[in-house]
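Novice: Sharing a structure here in structure tokens format.
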Amino acid sequence: MSEYHIETKCVQAGYRPGNGEPREVPIIQSTTFKYDTSADVGRLFDLEASGYFYTRLQNPTNDYVAAKIAQMEGGTAGMLTSSGQAANFFAVFNIASKGDHVVACSTIYGGTFNLFNVTMRRMGIDFTFVSPDCTDEELDAAFCPNTKAVFGETIANPALTVLDFDKFARAAHAHGVPLIVDNTFATPVNCRPFEFGADIVTHSTTKYMDGHGAAVGGAIIDSGRFDWMAHADKFPGLTTPDESYHGITYAEKFGKEGAFITKATAQLMRDFGSIQSPQNAFYLNLGLESLHCRMKQHCANGLALAGFLKSSPKVEWVSYPSLPGDKYYDRALKYLPNGSCGVVSFGVRGGRKEAEDFMGRLKIFAIETHVADARSCCLHPASSTHRQLTEQELIDCGISGNLVRMSCGLENTEDLVADVEQALG
Ligand SMILES: *Cc1c(COP(=O)(O)O)cnc(C)c1O
């Protein structure tokens, strides 16, 4: 499959049926798997043979779909998780534990920020947050001897900043640690972070990949390129024997290509059980089959809406990376030449009240906390997700009282622009 274009991989990668087998990915709706002898099961538990024994750790439906996403990203191994939150937690916790430190971009998704800044700190992992536009020197200064990873988002939700892959990958590798990138908003259709130096990619498949608002899910993909053994002292969990798995050393037994995902499955999935249900993996695969077609329309709608908003006197500012003149336009051209996403943020001229009134007049865009699916939707963070914050706290996290986040779905472009035009009044 690796020789094919992304569109072909969206449709066909992962599941390749044999003679007389179902054409569509089968849903293996079974918690457990049957074996003839205890010795067979023993070999599975020892990771001596590959196969399935319990769906808390692995399921064939999930693995077909994970293999598809791995091929779309150009990686060597992948796994599905129950949510995007679980994917980001596993991706970091797989290599960082109590006493370790991670450098992360400050504009990351609020849920991930909270996971890192509150919950993982409570687990004894320290984080330094850096601006996506920091200098090389500022980025360098964020590293500590115990730093184990660098984390950023290709396109940040909802800040819409674009990751400077060159800068963040260079810094991570100079310090001997991997760059983990959440590629949710761009999807591998618009950006493949491994081509720009990332080592691990994560997804909230809940967004464009599923694309229909049907199933919460996540994914982790390994590029297979990070050399854990070359930095063995930093990553003992991968480079020294795992006593909970009969003394297996993941990086030795599974190599660069398989160590990260095998460890995350064998330890983290075993112990936390944040697995995606096979039924949801099936829905996700239906979404992936049309992802390349849908992203084109999401992006065309986003660009048209951003262009209209920029020309409107009722609008104070617009943020959309693929819009000429945007602060991140040059970076988007470099890393997202075919388009970015369908999400546009803007400020309604006036303030909080004008923003709320605008939202109340919309007919096609529905008010939802979700983004990135087939139906257009919008959110006023100051009166919903961020309503507990004071005006000053809103400013500190880059959310003005008049900010509205619009997620362009798959409807007709003119209808969407006309809806926003009438609602601006
Ligand atoms: C939504 C989102 C998440 C969290 O994903 P869930 O599937 O909701 O758990 C993580 N990262 C980004 C960029 C997101 O947009």
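The values are calculated or read from the model by the stated rules, or taken from the named source; none is laboratory data. Every value quoted in this text rests on a predicted model; they were computed, and no experiment measured them. We place every Cβ from the backbone using ideal geometry, glycine too, and count neighbours over all the protein chains shown. For the accessible areas, the whole protein counts, side chains as well, though only heavy atoms, and no ligand, DNA or RNA atoms are used. Shrake-Rupley method; radii C 1.70, N 1.55, O 1.52, S 1.80 Å.
Novice: Hey, how many Å between the Cα centroid of the stretch 261-300 and the Cα centroid of the stretch 90-147?
Specialist: One Cα centre to the other: 24 Å.
Novice: Can you return the lysines within cross-link range of Lys296? Criterion is Cα-Cα under 26 Å, with same-chain partners fewer than 8 residues away left out.
Specialist: Cα-Cα hits under 26 Å: Lys9, Lys68, Lys207, Lys310, Lys327, Lys334, Lys363.
Novice: Rounding to the nearest 20 debye, state how big the charge dipole of the chain is about its Cα centre with +1 on each Lys and Arg Cβ and -1 on each Asp and Glu Cβ.
Specialist: Taking the Cα centre of the chain as origin, the dipole is about 540 debye.
Novice: Charges on Cβ only, +1 for Lys and Arg, -1 for Asp and Glu, centred on the Cα centroid of the stretch 107-204; of Cys144, Tyr109, Phe194, which one is farthest towards the dipole's positive end?
Specialist: Looking along the dipole axis, the top candidate is Tyr109.
Novice: Between Thr128 and His231, what is the label-to-label distance in nm when each label sits 7 Å out along the Cα-to-Cβ direction?
Specialist: Going from the Thr128 label point to the His231 one covers 1.4 nm.
Novice: Where does each of Glu243, Glu7 land when they are ordered by accessible area, with a 1.4 Å probe and the largest first?
Specialist: Values: Glu243 145, Glu7 80 Å².
The ranking, largest first, comes out as Glu243, Glu7.
Novice: I would also like to ask the following. With a 1.4 Å probe and every protein chain left in place, tell me how much accessible area Ser223 has, in Å² to the nearest 10.
Specialist: Ser223 exposes around 10 Å² with every protein chain in place.
Novice: Antiparallel versus total DSSP beta bridges in the chain: what percent is that, nearest 5?
Specialist: If we restrict to bridges inside the chain, about 60 percent are antiparallel.
Novice: Another question, then. As a check on your grasp of the helix formula, calculate [θ] at 222 nm for the chain: sum -39500 (n - 2.57) over DSSP H runs of n ≥ 4, divide by the residue count, round to the nearest 500.
Specialist: Dividing the helical sum by the residues of the chain leaves -10000 deg cm²/dmol.
Novice: Next up: Any idea how far apart Ala214 and Val11 come out in nm if each label point goes 7 Å out from Cα toward Cβ?
Specialist: About 1.9 nm, to one decimal.
Novice: Here is a further query. Rule-of-thumb check for the stretch 134-191: C-alpha Rg over 2.2 N^0.38 Å?
Specialist: 1.16
Novice: If I ignore ligands, DNA and RNA and count only protein heavy atoms, how much of Arg361 is accessible to a 1.4 Å probe, in Å² to the nearest 10?
Specialist: Accessible surface of Arg361 is approximately 110 Å².
Novice: Using the Cα centre of the stretch 293-424 as the reference point, and only Cβ charges (+1 on K/R, -1 on D/E), how large is the resulting charge dipole? Debye, rounded to the nearest 20.
Specialist: 220
Novice: Right, another one. Name the residue farthest towards the positive end of the dipole of the stretch 256-372 from the options Ser312, Met359, Ala332, assuming +1 on Cβ of Lys and Arg, -1 on Cβ of Asp and Glu, about the Cα centre.
Specialist: Going by the charge dipole, the pick is Ser312.
Novice: I would also like to ask the following. Regarding the stretch 1-137, what is the average projected area of its C-alpha convex hull, in nm²?
Specialist: For the stretch 1-137, averaging the hull's shadow over all directions gives 12.7 nm².
Novice: I need the calculated FRET efficiency for the pair Gln388 and Asp36, taking r as the beta carbon distance and R₀ as 51 Å, to the nearest 0.05.
Specialist: E between Gln388 and Asp36, to the nearest 0.05, is 0.30.
Novice: Could you give the length gained on full extension between Lys310 and Arg43, defined as 0.36 nm per residue of separation minus the Cα-Cα distance, in nm? Spell out each step's value before the answer.
Specialist: Values: separation 267, 0.36 × 267 = 96.12 nm, distance 6.17 nm.
Between Lys310 and Arg43, full extension yields an extra 89.9 nm.
Novice: Go through Ile248, Ile28 and list them by solvent-accessible area, largest first, probe radius 1.4 Å.
Specialist: If we order Ile248, Ile28 from most to least accessible, we get Ile28, Ile248.
Novice: Given the convex hull over the Cα atoms of the stretch 283-425, what projected area results after averaging over all orientations, in nm²?
Specialist: Averaging across all directions leaves 9.0 nm² for the Cα convex hull.
Novice: If you don't mind, there's one more thing I want to ask. Would you be so kind as to identify which of Phe272, Ala91, Val177 lies farthest towards the positive end of the dipole of the stretch 6-286, taking Lys and Arg as +1 and Asp and Glu as -1 on Cβ and the Cα centre as origin?
Specialist: It is Phe272.
Novice: Where in the chain are the DSSP H helices whose alpha-carbon span along the long axis reaches 27 Å or more and whose Kyte-Doolittle mean is at least -0.5?
Specialist: On the way: long enough: 291-311 (30 Å, 0.14).
Qualifying helices: 291-311.
Novice: Using a Förster radius of 41 Å, what is the FRET efficiency between Met1 and Glu138 based on their Cβ-Cβ separation? Nearest 0.05, please.
Specialist: Result of the calculation: an efficiency of 0.50.
Novice: Please list 3J(HN,Hα) in residue order for the stretch 236-250, calculated via the Karplus relation 6.51 cos²θ - 1.76 cosθ + 1.60 where θ = phi - 60°; whole Hz, with x for glycine and proline.
Specialist: For the stretch 236-250, the Karplus curve yields x, x, 9, 10, 10, x, 8, 5, 7, 10, 6, x, 6, 9, 4 Hz.
Novice: Just the accessible area for His246, please: 1.4 Å probe, Å², rounded to the nearest 10?
Specialist: Probe radius 1.4 Å; accessible area of His246 about 130 Å².
Novice: Normalising by the residue count of the chain, find the relative contact order in percent from Cα pairs under 8 Å and 6+ residues apart. Intermediate results must be reported in sequence, preceding the final value.
Specialist: Details: 862 pairs, mean separation 66.5, N = 425.
Relative contact order for the chain comes out at 16 percent.
Novice: What are the extents of the Cα atoms of the chain along their three principal axes, listed from largest to smallest and rounded to whole Å?
Specialist: So the three principal-axis extents are 72, 55, 39 Å.
Novice: What whole number of Å gives the distance from the Cα centroid of the stretch 333-404 to the Cα centroid of the stretch 230-258?
Specialist: 44
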